[in-house]
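Notes follow the structure.
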Amino acid sequence: MSTPAEKPVREIRINPIVPSESVLISTARGMRPKNAEAPAPRDTRAHVETCPFCVGNEHMTPPMIAAYPAEKHWEIRIVENLYPVLGDDRQNPNLSFGLQQIIDGYGRHEVIIDHNQHGVAIHEMSEPHLALLFGVYRDRMEQLYKSNSRLRYVLIFKNFGPAAGASIPHTHSQVVATPVIPDNVQAEVSNSRAFYHRNHHCIYCSLVDEALTFEVTLYDRESGEIRREISVGQYVIERAKKFIAIKPFASRYEWEVHILPLQHQSDFLRISKHDLDDLARLMRRTMARLDAVLRCAQYNYFLHSLPHDPDDGDCDASYHWHLEITPRTSVPSGFELGSGFFVNTVAPEAAAEKLRAVVLD
Ligand SMILES: [Zn+2]
Ligand SMILES: [Zn+2]
Ligand SMILES: [Zn+2]
């Protein structure tokens, strides 16, 4: 007899924060051709002669913005993006004609070279280095927000592996600062504000509480068989003193994991030096779990933090920053693109169990 966890799952799960990002969980094989992205053999070389991001090739990058801890013997370097998606060099007036609208592509696009070693993966970096990296994210966000009041959002993200859109194999993150708030962030901000007004609670804090304390058994009305058991900690992948890594119940991607501060905090800019150390540990361990299960995981991660918009000034109690990690194990199908549904072929419970089972040193 199969346990509830092994039963095929076919259900639509509603994202409690952004319902439009709901997911069809369908673990029945053959639901779609599984266009699995074969794990690309990872380039693990420490140094590559021709790589513009490698030590000794600093002259090959666009102008440098900053280096940590120092320009010589840098561990992390920030440079301009060679092909920026947005720029502050030309400023056109906003235009509209007929039904079409143009907002000037004003903004900033920068590259953070995460490490001076070419092929090092996040879980192979030392915890002090990861603390430095997340501190650099924070500093850069802060400086960009201060640099121009037109900037409403600074998005930090990382593409790792060709399937995740990384065009240069040397490990790096990116910063894009925009004069508009991305739609998905705005939806999170507005919906969590509405939840707060109804419940006087931050929805993200409530989700963390549920993950840590919730237990339920649902029985089938006719047969009396157990239909679903949700047990305490079933969705918790990793826990540190100040942070938690959770597998969302309505995960859009098979191996998606979110990291949140355990104590309410809306703006990533407020993370303390001490908390960065704790985050670094949780991050390294979470990425090690993903790597052990997926073997050379290709992934994106991105940071969602309170936008700097005067209109969102009252969202300090309702919004809660988080890091979304989205490994790329399949390409979206026509059904997904046409319907807007995400299809996830691995039950989040099963994925969480696998990730938790990895033995870390
Ligand atoms: Zn390199
Ligand atoms: Zn909260
Ligand atoms: Zn988010």
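The values are calculated or read from the model by the stated rules, or taken from the named source; none is laboratory data. Given the structure is predicted, the values throughout are model-derived calculations rather than measurements. Ideal geometry is used to build each Cβ from the backbone, glycine not excepted, and the neighbour counts take in all protein chains shown. Calculation scope for accessible area: heavy atoms of the full protein, side chains included, ligands and nucleic acids excluded. Shrake-Rupley method; radii C 1.70, N 1.55, O 1.52, S 1.80 Å.
General observations
- The residues listed here are Val79, Val120, Val111; of these, the one that is within 16 Å of ligand 1 (Cβ to nearest atom), assigned to a strand (DSSP E or B) and within 21 Å of Ala163 (Cα to Cα) is Val111.
- In the set (1) within 16 Å of ligand 1 (Cβ to nearest atom); (2) more than 19 Å from the chain's Cα centre (by Cα); (3) of a type in the set (Val, Ile, Thr), the condition left unmet by Val85 is number (1).
- Selection status of Glu215, closer than 21 Å to Arg13 by Cβ, away from ligand 2 (no atom under 16 Å from the Cβ) and open to solvent by 30 Å² or more (accessible area, probe 1.4 Å): yes
- Only listed residue being surrounded by fewer than 18 Cβ atoms within 10 Å (Cβ to Cβ), assigned to a loop (DSSP other than H, G, I, E, B) and either over 19 Å from the mean Cα position of the chain (by Cα) or modelled with pLDDT of 95 or more (or both), chosen from His201, His170, His197: His201
- Every residue from segment 179-194 that is within 16 Å of ligand 3 (Cβ to nearest atom) and not in a helix (DSSP H, G or I): Ile181, Pro182
- One residue stands out in segment 218-240 among those that are among the acidic types (Asp, Glu) and under 18 Å from Ala350 (Cα atoms): the one that is most open to solvent (accessible area, probe 1.4 Å), namely Glu229.
- Segment 297-338, residues that are open to solvent by 40 Å² or more (accessible area, probe 1.4 Å) and assigned to a helix (DSSP H, G or I): Pro310, Asp311, Gly334, Phe335, Leu337, Gly338
- In the set Asp139, Asp43, Asp88, only one residue is modelled with pLDDT under 90, among the acidic types (Asp, Glu) and within 23 Å of Asn300 (Cβ to Cβ); that residue is Asp43.
- Close pairs (6 angstrom Cβ cut-off, 6 or more residues apart or separate chains): more than 17 Å from His118 (Cα to Cα) in segment 49-77, among the hydrophobic types (A, V, I, L, M, F, W, C) anywhere: Pro62/Val79; Pro62/Leu82; Met64/Val79; Ile65/Ile78; Ala66/Ile78
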